[in-house]
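Take a look at the structure below.
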Amino acid sequence: MKRPENTNVHLSLPAVCIVWQTAMIILFGVFMRYDHESDAHWVEHRKHSNLTDIENDFYFRYPSFQDVHVMIFVGFGFLMTFLKRYSFGGVGFNFLIAAFGLQWALLMQGWFHWLDADGKIRIGIENLINADFCVAGCLIAYGALLGKVSPVQLMVLTLFGITLFAVEEFIIISVIHARDAGGSMVIHTFGGYYGLSVSWMLYRPNLHQSSRLQGSVYHSDVFAMIGTLFLWMFWPSFNSAICDHGDGQHRAAINTYLCLASTVLTTVAISSLFQKHGKLDMVHIQNSTLAGGVAAGTAAEFMLMPYGCLIVGFCCGIISTLGYIFLTPFMEKHLKIQDTCGIHNLHAMPGVVGGIVGAITAASASIEVYGHEGLVNTFDFMDKFKDMVPTTQGGHQAAGLCVALCFGIGGGIIVGAILRLPIWGDPADDNCFDDETYWEVRDKS
């Protein structure tokens, strides 16, 4: 049965944006306050604690925050501009849901992690980084739905996605005590399977009617490659941004750097091997070259060793590229999952690989490799976890991966059921992947 044409969001989109932004203003007024390092009382605190301004956490974290922020708005945004007639939607809706999502994330994560005894959330530079991480999960999910949903659906997707993310992150990091500095499990596995599950629920049997637009042209691939390069360059900052100052942050940047480099070579090799006459497919180069950064996330601050990083990147380049060649068409034909950007190959599978690598690396950790203090500091064996041993930590890492999978798949099915309701102004099957549905397109050449 053909879906009815009902893409008028003339009232619903403004209403959602105004009402939800008003709600953010009220909630921020009630709950949000500056932390001691961003409050005007910092001067007094600094003098009392014999500190200098340069010791303010802003100066340690802001360079990483800048890099992560660029990844969210420029990297993810331009990566989604590969469709020939959906560049406005790719970068524009990415902008919209990221701007809303980071506000909701500051509140949700604040309620779980940063709530003071007086019921206020104290906000600082680290909160901004964590909010961007939270938004990344929803942007990943958007990749599976690119071109097939309305902006109102995307706002709903983000509202529930941020909420689910905050809960699963709290369970994985605080309750289970898994380590996941770069978010292989918390961000990529959750976001990937959340998006895929929503896409499964929103399956369009007649999507072939828009097949003329479900592809790229030369200039759209170049724009998407800009997003790839921004993501590739700044991924070491992403994985190291919230690590402990010192060796952990330093090691996370090195590990990610090496994983990414290795992934590029195997992606090129597999792409050439499986394409006619050995030519490269730009889809693989835009996406699979980033898979190593995803897989490096969980074990980013662990002693993975330089050669181990190259092995992880080597494997991810192969897995991700083969996923684009074989798994994506299989999933669409047999599992009814239409994955526009191939997030299963870039985020979901490498995220699972990253979780497994993290569990193995944690379980095999030893005092000989880390030293006693290094082991305690890296895995946070303190307070109620002071008696934990590496083998047990490995089990907790595996449990964290299971939680991410459950929240991603289960939450995606529930949210997908909500988004199936015929009230959101989503495009008809023969009108997907086209900016003219929701944007004023002046130059139609």
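The values are calculated or read from the model by the stated rules, or taken from the named source; none is laboratory data. In this text, all values refer to a predicted model and were calculated from it rather than measured experimentally. Cβ placement follows ideal geometry from the backbone for every residue including glycine, while neighbour counts extend to all protein chains displayed. For accessibility, only protein heavy atoms count, side chains too; no ligands or nucleic acids. Shrake-Rupley method; radii C 1.70, N 1.55, O 1.52, S 1.80 Å.
Tell me, in nm to one decimal, what length is gained between Phe112 and Ile25 on full extension, where the rule is 0.36 nm per residue of separation less the Cα-Cα distance?
Between Phe112 and Ile25, full extension yields 29.4 nm more.
About its Cα centre, how strong a charge dipole does the chain have in debye, to the nearest 20, once Lys and Arg get +1 and Asp and Glu get -1 at the Cβ?
The calculated dipole for the chain is roughly 1380 debye.
Would you please give the FRET efficiency between Ile418 and His36, computed as 1/(1 + (r/R0)^6) with r the Cβ-Cβ distance and R0 = 35 Å, to the nearest 0.05?
0.30
Which helices of the chain meet both criteria: a Cα extent of 24 Å or more along the helical axis and a mean Kyte-Doolittle score no lower than -1.0, with helices taken as whole DSSP H segments?
12-31, 87-109, 125-145, 151-169, 218-240, 247-274, 306-322, 390-419
Would you rank Asp39, Asp132 by solvent-accessible area, highest first, keeping every protein chain in place and using a 1.4 Å probe?
Ranking Asp39, Asp132 by accessible area, largest first, yields Asp39, Asp132.
Roughly speaking, to the nearest percent, how much of segment 364-440's 1.4 Å accessible area is carbon and sulfur?
62
Separation between the Ser364 and Ile409 pseudo-spin-labels, each 7 Å from Cα along Cα→Cβ, expressed in nm?
Inter-label distance under the simple model: 2.7 nm.
Using a 1.4 angstrom probe, figure out how much accessible area the chain has per residue, in square angstrom, rounded to the nearest whole.
The answer is 43 Å² per residue.
For Rg/Rh (Cα atoms, Kirkwood Rh), the choices are (i) 1.00; (ii) 0.98; (iii) 1.32; which was calculated from the structure?
From the options (i) 1.00; (ii) 0.98; (iii) 1.32, the structure gives (ii).
Note down the nm distance, to one decimal, between modelled labels 7 Å out along Cα→Cβ at Tyr307 and at Tyr62.
Result: 4.3 nm between the two label points.
Can you sort Trp20, Trp200, Trp232 by solvent-accessible area, 1.4 Å probe, largest first?
Sorted descending by solvent-accessible area, the residues read Trp200, Trp232, Trp20.
Would you please put 74-82, 121-129, 28-36, 186-194 in order of how densely packed they are, using the mean number of other Cβ atoms within 10 angstrom per residue and starting with the highest?
186-194, 74-82, 121-129, 28-36
Which of Gly101, Met225, Leu260 sits farthest toward the positive end of the charge dipole of the chain, with +1 on the Cβ of Lys and Arg and -1 on the Cβ of Asp and Glu?
In the chain, that residue is Met225.
For a test of the definition: using alpha carbon positions, the gyration tensor, and the 1.5 limit on a/c, classify segment 1-104 as rounded, prolate or oblate.
Because a/c hits 1.5 or more and a/b fails to exceed b/c, segment 1-104 counts as oblate.
At what distance in nm do the modelled label points of Leu273 and Val376 sit from each other, each positioned 7 Å from its Cα along Cα→Cβ?
4.7
Please go through the residue pairs Lys84/Lys279; Lys120/Lys384; Lys148/Lys276; Lys148/Lys333 and name each one whose alpha carbons sit more than 28 Å apart in this structure.
Lys148/Lys276
Using the beta-carbon distance between Ile226 and Asp383 and R0 = 60 Å, what value does 1/(1 + (r/R0)^6) give for FRET efficiency, to the nearest 0.05?
The formula returns an efficiency of 0.85 here.
Between Ser174 and Lys333, what is 0.36 nm times their sequence separation minus the Cα-Cα distance? Round to one decimal in nm.
That pair, Ser174 and Lys333, stretches by 53.3 nm at full extension.
Please work out how much accessible surface Ile356 shows to a 1.4 Å probe, ignoring ligands, DNA and RNA, in Å² rounded to 10.
90
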